[in-house]
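Enquirer: Got a structure for you, written out below as structure tokens; questions coming shortly.
Read the figures in this text as sums done on the coordinates, not as results from a lab. Quick caveat, the model's predicted, so the values are computed rather than measured. Because the Cβ atoms are built from the backbone with ideal geometry, glycine has one as well, and the counts that use them run over all protein chains shown.
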Number of protein chains: 4
Amino acid sequence: MFGVTRKKIERRAKRRNATATNARSNPNGTPFAETAASLTEIGRGFHVRGWVLGTSGNFSAVTSREPLRLAIASTGLDKGSLSPTQFLEVDNAVNIVRGDGRPSAEALLHLAIVRGVGAGAVLHTHSVWSTVLSGSHASQGGIAFEGYEMLKGLEGVRTHKHREWLPILENSQDMVELSDRVSKTLRASPSIHGFLLKEHGLYTWGAGLQEAKRHVEILEFLMEVLVRSRAAGERLIPALIEPGS
Amino acid sequence: MFGVTRKKIERRAKRRNATATNARSNPNGTPFAETAASLTEIGRGFHVRGWVLGTSGNFSAVTSREPLRLAIASTGLDKGSLSPTQFLEVDNAVNIVRGDGRPSAEALLHLAIVRGVGAGAVLHTHSVWSTVLSGSHASQGGIAFEGYEMLKGLEGVRTHKHREWLPILENSQDMVELSDRVSKTLRASPSIHGFLLKEHGLYTWGAGLQEAKRHVEILEFLMEVLVRSRAAGERLIPALIEPGS
Amino acid sequence: MFGVTRKKIERRAKRRNATATNARSNPNGTPFAETAASLTEIGRGFHVRGWVLGTSGNFSAVTSREPLRLAIASTGLDKGSLSPTQFLEVDNAVNIVRGDGRPSAEALLHLAIVRGVGAGAVLHTHSVWSTVLSGSHASQGGIAFEGYEMLKGLEGVRTHKHREWLPILENSQDMVELSDRVSKTLRASPSIHGFLLKEHGLYTWGAGLQEAKRHVEILEFLMEVLVRSRAAGERLIPALIEPGS
Amino acid sequence: MFGVTRKKIERRAKRRNATATNARSNPNGTPFAETAASLTEIGRGFHVRGWVLGTSGNFSAVTSREPLRLAIASTGLDKGSLSPTQFLEVDNAVNIVRGDGRPSAEALLHLAIVRGVGAGAVLHTHSVWSTVLSGSHASQGGIAFEGYEMLKGLEGVRTHKHREWLPILENSQDMVELSDRVSKTLRASPSIHGFLLKEHGLYTWGAGLQEAKRHVEILEFLMEVLVRSRAAGERLIPALIEPGS
């Protein structure tokens, strides 16, 4: 379903006027106002799908690389009714450089991902699917997806035969300690497209917001497929057989 | 996902102009017209999610503490197409002091919660998830949730290691008797954030409507996680193991 | 959740201006244009919920009792994008007295229900839940629901201890033969609120459209509860135990 | 639910002004602008239902038969926020004759279907249901549906007793090879209404867009019924018993 020449298309598309939700990656970051508007719209859409209920989840995007600046929602807000004025701009020590509010302690994880993989956008969702799977598969350390065409929507993946490993990290309230484990995970597995925090949710990212949003939809889809496959009694689906053997 | 300094943020937010749906707790209650508009919007959103089908569910909020006044929808209405004119204001004996209609007999439960825990808003939903779980777990007297990050969205909870007990009360058509049992439950377990009526639904509350709405989303989410985990064959998830042992 | 004095409220409400979707029962029928607008809106809402996909389902309401006139959608249309001009008015022999199109052969079933129980509105949905359950329970001849508070939303039901029997009729393409079986079922069980056609869907009704819509939401809810309860492994829920014993 | 005289109605309807989404089949194809608008609207609706997440899925319609011209979305786009300007018009060798972008490699499959069965529109969705079932039933080569009233919505089907075979083809990244297998499948089973690619999704079609959209809704519905039936423990439903015996 995904054309082999997507990169070429994306380059061409960049030269056109990009709408807020379709904003492509910009190596120097996207202006704050445009980013806040895009994140607001993404929040509304994810809330409708039940992926960020109860003020859970958070979204960020790089607005400047040099110096590093991140747009991120203030903590404790309903993601279904955000307004662009509720976004902050922070530096790489989570100091507020623009806006009124307080960043979530999880901003440290967003920064660890931005620094670790050079992401331009980081999206954290908290769905039923990720909560169920990150609990049931925690003892295996992660979940392997293989054989699904949907995998081709992950940046750089060319075939459904690809095996995607989605690590599960133990949850913690110590964000300094946890961001350190996130950095280590990214160094150890630089080709992953996301990870789960146990019974907490999904972190994924992209060069820009559009790519990160695509990754959310793909990983949430694959987790839903796995939970429903098991509920239907398909316990021997490829993803549960030891891959690489 | 929830910042440790949420209370500070909320205090600051209170000083700003609160929109209808984001109205924070007001110790003296929120004006009737604003409350009715907020409850109308909440009803529409919950109906879309299937949490108040068939005229089920009800919503109330304190409009005055001294004397006690409660805004509550008239009985028997479709919660997906309420209008603010369909709300009543009642006193602590369920006498109508404003509006045209008749309060649900369940207004007695709302008042018992307002008096029992000092709530500023009470939301009653009637989802598939709460109906399934309140039936299957009735013999255990309640459901324990533990280990989920989402728990941190419940007011006062600081860690996912928190254990939340959601009592299940036997259903009844005698609202005087039932409100008495609700009051006793709240005295016996003052730290709970909600309870279920067997095969009937969820009652939860908050200092204000925003907090109560957050609690609905969180408790409905956790119940959905439990039902789907069991359907997927995860019968030994933490919540089903004897907690406290 | 449903007030004991709903009837009184409904009488009072009738004296107010009723909006299209809230139109109450009118013993002499509701004007055609208003009915077509209400049915159009109901169709859109049901399509969003997946209850009338693929042009399935149909809706009708009595526009006149003497002589009998029924508003009903023309056959074969997408119920999610109806327009009021796609409704027909037919007499008691399914002759078109207003509008351009052709009534579904199932109009005979709608007329059998209008005549059999004096309904003012008949709604036929075709959900996944009703398809699954009408297949799995066909050999038992129907499904019993008992103990659910939601039952109180069915007209005339006063307590969750009520036992509601939802008969399942064998499906057929011979509408004359099938409408005859429907009439017999209604004579044999005059207190039912709906019935299923095997692997086909639900028929329910009400004194007016609002009541019929409420019955759809309630019966679809209860069927979803049953399917999900079984998926979660709750195979001994009350509805599956021999009732009346 | 489907009238026996639908064909007659459709003929009459064609003479009326058709709205974009209700556009009926035109033997000579529908103008490009109207087609692009219809496909944009279909994409938005399917994305809401979760059938084309993560830029998956694609849609096409014949705009001219002689010479053959196909409107199809450019590759790699979010199907929930398409604009008509993102559609291309291609000839029978997938050369672009109108628009800016690049067609998906899967355009070859669309053309194989247009040529193989004379379809006027081809819709490819990628739902959780089709992914689960095409994986679990791949070894049987397909899925049989029988006994469901919903089957009557498939063009030419007159009774719920019809048996519909939905073949499952092995997935591939070689679109030339895969389009060849699709052509062979259509020659071998000319009466099918769609097929699955393993762990990839559904292809279905129709004389026009409205018919193709109806077929998507019907086949997605039937797959959801099957997955949920199995989850509820109904493992002996007709579709799983050896058909034809």
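Enquirer: Closest beta-carbon to the A-to-B rotation axis: which chain A residue owns it, and what is the separation in whole Å?
Expert: Smallest Cβ distance to the axis, with its residue: A:231, 3.
Enquirer: While we're here: For the ranges A:201-208, D:75-82, C:169-176, what's the packing order if you count other beta-carbon atoms within 10 Å of each residue, average per peptide, and put the highest first?
Expert: In decreasing order of mean packing, A:201-208, D:75-82, C:169-176 become A:201-208, D:75-82, C:169-176.
Enquirer: On to the next question. So what's the gap between the Cα centers of the stretch C:145-192 and the stretch B:137-207, to the nearest angstrom?
Expert: 35
Enquirer: If you don't mind, there's one more thing I want to ask. For D:45-56, what's the mean count of beta carbons from other chains sitting within 10 Å of each residue's beta carbon? Don't skip to the end; give the middle numbers.
Expert: Details: counts 4, 0, 2, 4, 3, 5, 0, 2, 11, 17, 12, 10.
Mean shielding by partner chains, rounded to a whole number: 6.
Enquirer: A follow-up question, please. What does the average come to when, for each residue of peptide A:182-195, you count the partner chain Cβ atoms lying within 10 Å of its Cβ?
Expert: 0
Enquirer: Still on this structure, please answer the following. Considering amide H positions built from the backbone, and no H for Pro or chain starts, which residues 5 or more places from residue A:194, or on another chain, come under 5 Å of its amide H?
Expert: none
Enquirer: Quick one: with label points 7 Å out along Cα→Cβ, list the inter-copy distances for residue A:189 in nm, shortest first?
Expert: 3.7, 3.7, 5.3
Enquirer: Using a cut-off of 14 Å between beta-carbons, work out the net charge of the residues near residue A:221 (Lys and Arg +1, Asp and Glu -1, residue A:221 not included).
Expert: 0
Enquirer: Note down the net charge around residue C:183, summing +1 for each Lys or Arg and -1 for each Asp or Glu among other residues with Cβ under 12 Å from its Cβ.
Expert: In short, +2.
Enquirer: Bin width 5 Å, origin at 0, all Cα-Cα pairs of the stretch A:113-167: what percent of pairs per bin?
Expert: Per 5 Å bin, starting at zero, the Cα-Cα P(r) for the stretch A:113-167 comes out as 4, 15, 17, 22, 26, 14, 0 percent.
Enquirer: Can you give the mean number of other chain Cβ atoms that lie within 10 Å of the Cβ atoms in peptide C:68-78?
Expert: 3
Enquirer: Right, another one. Taking 2.2 N^0.38 Å as the expected size of a compact globular protein, what ratio does the Cα radius of gyration of the stretch A:47-118 give against it, to two decimals?
Expert: It is 1.08.
Enquirer: In nm, one decimal, shortest first: how far is the label point of residue D:233 (7 Å from Cα along Cα to beta carbon) from the matching points in the other copies?
Expert: Label-point distances to the other copies, shortest first: 1.1, 1.1, 1.6 nm.
Enquirer: Distance cut-off 23 Å, Cα to Cα: go down the list A:152/A:198; B:198/C:161; D:152/D:213 and report the pairs above it.
Expert: Flagged as over cut-off: A:152/A:198.
Enquirer: Based on the alpha-carbon gyration tensor of the stretch D:21-171 and its eigenvalue square roots a ≥ b ≥ c, which shape applies: rounded if a/c is under 1.5, prolate if not and a/b is larger than b/c, or oblate?
Expert: Note, shape of the stretch D:21-171 comes out prolate.
Enquirer: Could you tell me what % of all Cα pairs in the stretch C:110-203 have separations over 15 Å?
Expert: The proportion of pairs with Cα distances above 15 Å equals 62 percent.
Enquirer: Note down the net charge around residue D:29, summing +1 for each Lys or Arg and -1 for each Asp or Glu among other residues with Cβ under 11 Å from its Cβ.
Expert: -1
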